[in-house]
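Have a look at the structure below, then the notes.
The values are calculated or read from the model by the stated rules, or taken from the named source; none is laboratory data. What you see is a predicted model; the values in this text were computed from it and never measured. Glycine gets a Cβ as well: all are built from the backbone with ideal geometry, and neighbour counts include every protein chain shown. Heavy atoms of the whole protein, side chains included, go into the accessibility calculation; ligands, DNA and RNA do not. Shrake-Rupley method; radii C 1.70, N 1.55, O 1.52, S 1.80 Å.
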Amino acid sequence: GMFTPLEELAKVQGISLIKHVTMADGFSQNDLAGHFRQYAACCDTFLLDLSAAGISWHNLQNDQPFPLDFFKQLFGKYQTILAIDGPPDGLGDLLKTLQPYGLSLKGGEEEKTGIKSFDELDDILDALEITE
């Protein structure tokens with residue numbers, strides 16, 4: 001989780017850890033880079049959740065909340081899975097530009113209790129499909 005103390009994670013041995021990082025209002029570039037740097041010794045991978053803060057691929061392309069080059073450098077230095085909103089047809093450009101370690105995908109809203117639509121997820125998987 002985002003607020004798991006470093007000391008607690010440092011005790012974990014023999015398990016690959018994924019550190020969940022959620023962007024928050026007021027988070028600066030230095031805050032984000034510092035958080036990654038601080039936890040890099042005990043976490044193998046980071047899950048950077050931009051979608052929870054309403055940050056989309058369109059925002060990043062317009063250098064919001066930080067310059068696109070900042071994210072490129074962050075992903076080049078740290079193994080990062082990205083959770084971000086964006087149109088399925090823009091995924092190829094996103095992956096080519098940012099080169100994250102992976103993407104975090106989730107299904108759509110529940111249509112009714114216990115029934116969830118995966119139509120949007122299907123569009124994303126179709127966009128990612130590699131043809132031979």
Quiz item: What are the lysines whose alpha-carbon lies under 22 Å from the alpha-carbon of Lys11, with same-chain residues fewer than 8 places away excluded?
Solution: Lys19
Quiz item: If you rank Val12, Val21 by how much accessible surface each has, with a 1.4 Å probe, what is the order from largest down?
Solution: Val12, Val21
Quiz prompt | Percent antiparallel among DSSP beta bridges (both partners in the chain, rounded to 5) | solution = 15 percent
Practice problem: Return, ordered by residue number, the residues of segment 36-78 whose backbone nitrogen is under 20 Å from a label point located 7 Å along Cα→Cβ of Lys96. | Solution: 57-63, 68-73, 75-76
Quiz item: Among the chymotrypsin sites (Phe, Trp or Tyr not before Pro) within segment 1-85, which fall in a DSSP loop and have no more than 16 other Cβ atoms within 10 Å of their own Cβ?
Solution: Phe3, Phe27
Quiz item: Ignoring ligands, DNA and RNA, how do His35, His20 rank by accessible area with a 1.4 Å probe, largest first?
Solution: His20, His35
Quiz item: In degrees between 0 and 90, to the nearest 10, how far off the longest principal axis of the chain does helix 119-128 point, with axes built from Cα atoms?
Solution: 80 degrees
Self-check item: Correct choice for percent of Cα pairs over 20 Å apart that was computed from the model, options (i) 43; (ii) 46; (iii) 49
Solution: (iii)
Quiz item: Using the Karplus equation 6.51 cos²θ - 1.76 cosθ + 1.60 (θ = phi - 60°), what ³J(HN,Hα) coupling, rounded to whole Hz, does each residue of segment 12-24 give in order, writing x for Gly and Pro?
Solution: 6, 10, x, 10, 6, 9, 10, 8, 7, 10, 10, 5, 10
Self-check item: Area of Ser51 that stays accessible when all protein chains are in place (1.4 Å probe, Å², to 10)
Solution: 20 Å²
Quiz item: So how do Thr22, Thr80 rank on accessible area, 1.4 Å probe, biggest first, that is with the largest at the start?
Solution: Thr22, Thr80
Practice problem: Run the quick spin-label model on Val12 and His35: label points 7 Å from Cα toward the beta carbon, then report their separation in nm to one decimal. | Solution: 1.6 nm
Exercise. In whole Hz, with x marking every Gly and Pro, tabulate ³J(HN,Hα) for segment 37-44 from phi via Karplus 6.51 cos²θ - 1.76 cosθ + 1.60, θ = phi - 60°.
Key: 4, 5, 9, 4, 5, 10, 10, 6
Quiz prompt | Gyration tensor over alpha-carbon atoms, segment 16-74, equivalent ellipsoid semi-axes in Å | solution = 20, 12, 11
Quiz item: Between Asp123 and Phe70, what length in nm is gained on full extension when 0.36 nm per residue of separation is reduced by their alpha carbon distance?
Solution: 16.2 nm
Quiz item: Hey, what angle do you get for helix 68-77 against the long axis of the chain, alpha-carbon based, 0 to 90 degrees rounded to 10?
Solution: 60 degrees
